[in-house]
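Q: First the structure, which I've put down as structure tokens, then a few questions once you've had a look.
Laboratory data are not the source of any read-out in this text; all were calculated from the coordinates shown. This structure is a prediction, so every number in the text was calculated from the model and none was measured. Methodologically, a virtual Cβ is constructed for each residue, glycine included, from the backbone with ideal geometry; neighbour enumeration extends over all protein chains shown.
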Amino acid sequence: MSIWFPQYKIARLATLLGATSATLSAQTAQPTTAPPETDDTPIRLSEFDVKTSSDKGYVASESVTGSRVATKIIDLPFSVNVITSEFLNDFDAFDIASDMAYTSSLTGMDTQGNYNLRGYGATFQLRNGFYRLGLVDRVNIDRIEIIKGPNAAIYGQTSPAGLVNIITKRPKSTPSQHVTITGGSDNLYRGEANVTGLVGTVGGIEITQSFSGSAMDRDYDSPYAHLKQRLLSEAIQAKFKDGSTLLAEVEWSKRKSVTDSSTVPFEYNTAAKTYSNVLRRDLGHFSQDGPNTEQNRELTSLNLTYERRINNVWSTRLAVYGYARHAFNFNTAVGDKFDPSTNKFASRGNVLTDTLNEDGGAFQGDVLAHYRTNKGALEHKTLLTFDLSQNWRYRVQKQPNGSQYTINDVSLSNPDYSLPPTSAFAIVTRRDKTRWDTQGIFLRQQTAALDGRLIGFLGIRYDRVAYNFNFGDQFNASGKSVGTVKTPARVDHYSDAAWSPNIGVNYKLTSAIALYASRSRSFYPNAQVAKITDPRLPNETSDGWDYGVKVSLLNDKLIFTTGGYNIDRKGVKTKVTNTAGIDETVAGGNQNAKGFEFDGSYRLTDNLTILAAYGWVNARIVYDGNTFTSVGRHPQSVPVDNGSIAWKYNFPRGALQGFAWHTGIKYIGVSYPNSTATDARRNVTAPAYTLVDTGLSYTWNQGSSGRLRLRHTVRVSCKNLFDREYITLPGGLGDNRAFFFAYSLDH
């Protein structure tokens, strides 16, 4: 699995392909025809967006994330999964987290943008192809696309796992209005609304708009824990006489919470400072921090996207993105230490205020040539992409004077949650101001032969990332040296560059069965997680293979992908001891993940749709510097496997007409929440578990053709139907059984 192509050969070949493609398009291009639009789909003629008509309930046959151009999933040389908005609504996916486990090898997603995919962790998502740190809500989501493996490097830096791309709803010309009100367990109250339609025509320019909004309040199983979440978004699209479109989207979201206990504590000896391997599940929902916690997030973003099909060969897409994200944490470091001898949690010594502001902007420019050569025998798509982005991050952490204020450990029998006044948190223990500027260029050539049966892919991406680090002085907050400099400030400026080649092939045995294979490379900058004491480190890199079979039968009613992968991750940040006996931070760690996946959907009848998925992940640490005991172990919080089956059945004519029943069964395999710990915790497992979610809805229409026509839907649903107790992948106690009731009105 170490075979690769020299970078200079790949770069030279890609350059020649680009030049040849441009020449051929000017000399021998043959017309291609854009697919016709229907009035109930977003107004667009470009090849950069999928047609929503290809989504049939839970089933989707097209993807835009996999290649940056709308492409049938069966034609791609690697694995891409799509989660539709209908699935998110039916399964009460309020915060786009646990319900993602219905996709193979995708687990552990949270509301901050973190997730596990194919044995590796990821720390951010994409939103319409741009950098995003969580704060998503289903109300304005059209679909979620997952591109797996290092092939995701077509978007630049990425985890070896791949990327999750949130694709938002676009305006439609056919007017519609939707309102849903939901209530249920944990004092959940939620309202959401969508309004879209034609605004009017001005000077021959057709204007459509789409508004989405949601508000949700809920409690958690831990005392004091609660959440308030809000989102508003507006999209306005102009369609010009030449068929081009200009889309403007603005979104504001806010999430404010008193956090739920996220860790099941281990028994801990405060005097000896040692853990045991005893997990205290009975304390999994005990509030360690009490009401004195805050976790606030607020994000505003703006998108401008211009798309135009210039002629039968050329299309272009230009997009600009800007965001401002503000976060504040206070007293949120819930620990995993419980001392049974003192009956206290030993985890409150590092209470701090944590302010994190992030701002940035980006530009993407895509130029696509779609043409035929050799008398129409070869069909080509040549894509050239330019990416420019700038991201700022400013973080300040403060603690109180440890010699003046005492923060007591929380007693189980008589918890004392008192803290020093806010004004006491004045000693700066961290002050970071960082910026990274990215310049990327991507060239991709796709050529189809044998009447589309054989499709070859070749791509090369180059990224240059410039870093500006300004780490301020860090001060002591406890002991006799309170207020003195603990770590002196440091300023650093440097650049990293990376080549990310990929090559793949897709061969159709029949029009509905395709074999695929691809080889790709990705990078992730170690500088992204740099600390004041870290030296300059080179990028992480990953090389991976994807291979398998794709099937699309019965007019896309039966679709599945099954195959394997092998990914090597190199240059992971770790510590080693040098010849002088001093520990150094280096980019020397290695990991490997190989596995098998199956994802399929079958629209058995017009009334019954079935989804199924299974992923087996053999992820191992190959080298971890001084931590020799980690070699051969699974990475932290990565399950060995996961699987699911889900279905939706609409009852046909008869007494039950209008009723629909949906059910999902998801299985999460055994994992190791603390696999890289060097004490007794490392061997503790989170056992495998299976959860069942189900629901029943009834829909009826009011009104008739030519008059006001309304559609009413009521739904009763249950998550964790059998009230299964389980430990989550990070080591927390899972949610109890919950019931929800929803009413929807559509016009």
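Q: Could you tell me which chymotrypsin sites (Phe, Trp or Tyr not before Pro) in segment 685-747 are loop residues by DSSP with no more than 15 other beta carbons within 10 angstrom of their beta carbon?
A: Working: sites: Tyr689, Tyr698, Trp700, Phe722, Tyr726, Phe739, Phe740, Phe741, Tyr743; in loops: Phe722, Tyr726.
Counting only loop positions with at most 15 other Cβ atoms within 10 Å, the chymotrypsin sites (Phe, Trp or Tyr not before Pro) in segment 685-747 are Phe722.
Q: Calculate, for Ala680 and Leu454, the FRET efficiency according to 1/(1 + (r/R0)^6) with r their C-beta to C-beta distance and R0 60 Å; round to the nearest 0.05. List each step's numbers first, then the result.
A: Working: r = 56 Å, r/R0 = 0.93.
Computed FRET efficiency for Ala680 and Leu454: 0.60.
Q: Show me the trypsin sites (Lys or Arg not before Pro) within segment 670-747 that DSSP assigns to loop and that have at most 14 other Cβ atoms within 10 Å of their Cβ.
A: The qualifying sites are Arg707, Arg709, Arg724, Arg737.
Q: To make sure I understand the rule: partners must be lysines, Cα under 26 Å from the Cα of Lys480, and not fewer than 8 residues away in the same chain. Which ones qualify?
A: By straight Cα distance, Lys480 reaches Lys273, Lys398, Lys531.
Q: On each of the three principal axes of the Cα atoms of segment 319-419, give max minus min coordinate, whole Å, ordered largest first.
A: Extents along the principal axes: 83, 29, 17 Å.
Q: Something else about it: Got a sec? Charge dipole of segment 466-593, +1 on Cβ for Lys and Arg, -1 for Asp and Glu; which of Tyr507, Ala580, Asn470 is way out at the positive end?
A: Ranked along the dipole, the leading option is Tyr507.
Q: Which is farthest toward the positive dipole end of segment 646-747 among Tyr649, Val684, Thr699, measuring Cα position about the Cα centre, with Cβ charges +1 (Lys, Arg) and -1 (Asp, Glu)?
A: Positive-most Cα among the choices belongs to Thr699.
Q: Once the dipole of segment 126-214 is set up with Lys and Arg at +1 and Asp and Glu at -1 on Cβ about the Cα centre, which of Gly183, Ile141, Gly200 lies farthest towards its positive end?
A: After comparing all options, I get Ile141.
Q: Does anyone have the angle between helix 7-27 and the longest principal axis of the chain? Alpha-carbon axes, 0 to 90°, nearest 10?
A: For 7-27 against the chain, the angle is about 30 degrees.
Q: Each label point is 7 Å from the Cα along the Cα-to-Cβ direction; what then is the distance between the points at Asp437 and Ile582, in nm?
A: 3.3
Q: With a cut-off of 8 Å between alpha carbons and a minimum separation of six or more residues, what is the relative contact order of the chain in percent?
A: Values: 2146 pairs, mean separation 82.6, N = 747.
Value for the chain: 11 percent.
Q: Further question: Report, in deg cm²/dmol and to the nearest 500, the calculated mean residue ellipticity at 222 nm for the chain, where each DSSP H run with n ≥ 4 adds -39500 (n - 2.57) and the sum is divided by the residue count.
A: Numbers: 2 runs with 27 residues, N = 747.
Only helices count here, giving -1000 deg cm²/dmol.
Q: Residue separation times 0.36 nm, minus the C-alpha to C-alpha distance between Thr629 and Phe386: what's the value?
A: Working: separation 243, 0.36 × 243 = 87.48 nm, distance 4.38 nm.
The Thr629-Phe386 span can extend by a further 83.1 nm.
Q: Note the full-extension length gain between Val250 and Asp217 as 0.36 nm times their separation in residues minus their Cα-Cα distance, in nm to one decimal. Show your work: numbers first, answer last.
A: Details: separation 33, 0.36 × 33 = 11.88 nm, distance 2.31 nm.
Gain on extension, Val250 to Asp217, equals 9.6 nm.
Q: How high is the relative contact order of segment 629-747, given as a whole-number percent (alpha carbon pairs under 8 Å, six or more residues apart)?
A: Working: 265 pairs, mean separation 25.2, N = 119.
About 21 percent, as a whole number.
Q: Sticking with this structure for a sec: When the Kirkwood hydrodynamic radius is evaluated over all pairs of different C-alpha atoms of segment 255-321, what value in angstrom, to one decimal, is obtained?
A: Details: mean 1/r = 0.0573 Å⁻¹.
It is 17.4 Å.
Q: Quote the charge dipole size of segment 291-445 about the Cα centre in Debye, to the nearest 20; the model charges only the Cβ of Lys and Arg (+1) and of Asp and Glu (-1).
A: Working: 19 positive and 15 negative charges, 138 e Å.
The calculation lands at about 660 debye.
Q: Estimate the FRET efficiency between Trp700 and Leu198 by the formula 1/(1 + (r/R0)^6), using the beta-carbon distance for r and 22 Å for R0, to the nearest 0.05.
A: Once the sixth-power term is evaluated, E becomes 0.20.
Q: Could you check the spin-label model distance between Gln177 and Tyr405? Points 7 Å from the Cα along Cα→Cβ, value in nm.
A: 5.1
Q: Something else about it: With +1 on the Cβ of every Lys and Arg and -1 on the Cβ of every Asp and Glu, and nothing else charged, how large is the dipole of the chain about its Cα centre, in debye rounded to the nearest 20?
A: Details: 80 positive and 70 negative charges, 233 e Å.
Value, rounded to 20: 1120 debye.
Q: Output the peptides 659-667, 151-159 sorted from most to least packed, where packing is the average of other Cβ atoms within 10 Å over each peptide's residues.
A: Order by mean packing, descending: 151-159, 659-667.
Q: I would also like to ask the following. If you average 1/r over every pair of different alpha-carbon atoms in the chain and take one over that average, what Kirkwood value in Å do you get? Walk me through the numbers before you get to the answer.
A: Values: mean 1/r = 0.0362 Å⁻¹.
Result for the chain stands at 27.6 Å.
Q: If the cut-off is 17 Å between C-alpha atoms, which lysines fall inside it for Lys594, apart from same-chain ones fewer than 8 positions away?
A: Lys148, Lys570
Q: To the nearest 20 debye, what is the magnitude of the charge dipole of segment 230-283 about its Cα centre, counting +1 on the Cβ of each Lys and Arg and -1 on the Cβ of each Asp and Glu?
A: Numbers: 9 positive and 7 negative charges, 25 e Å.
Value, rounded to 20: 120 debye.
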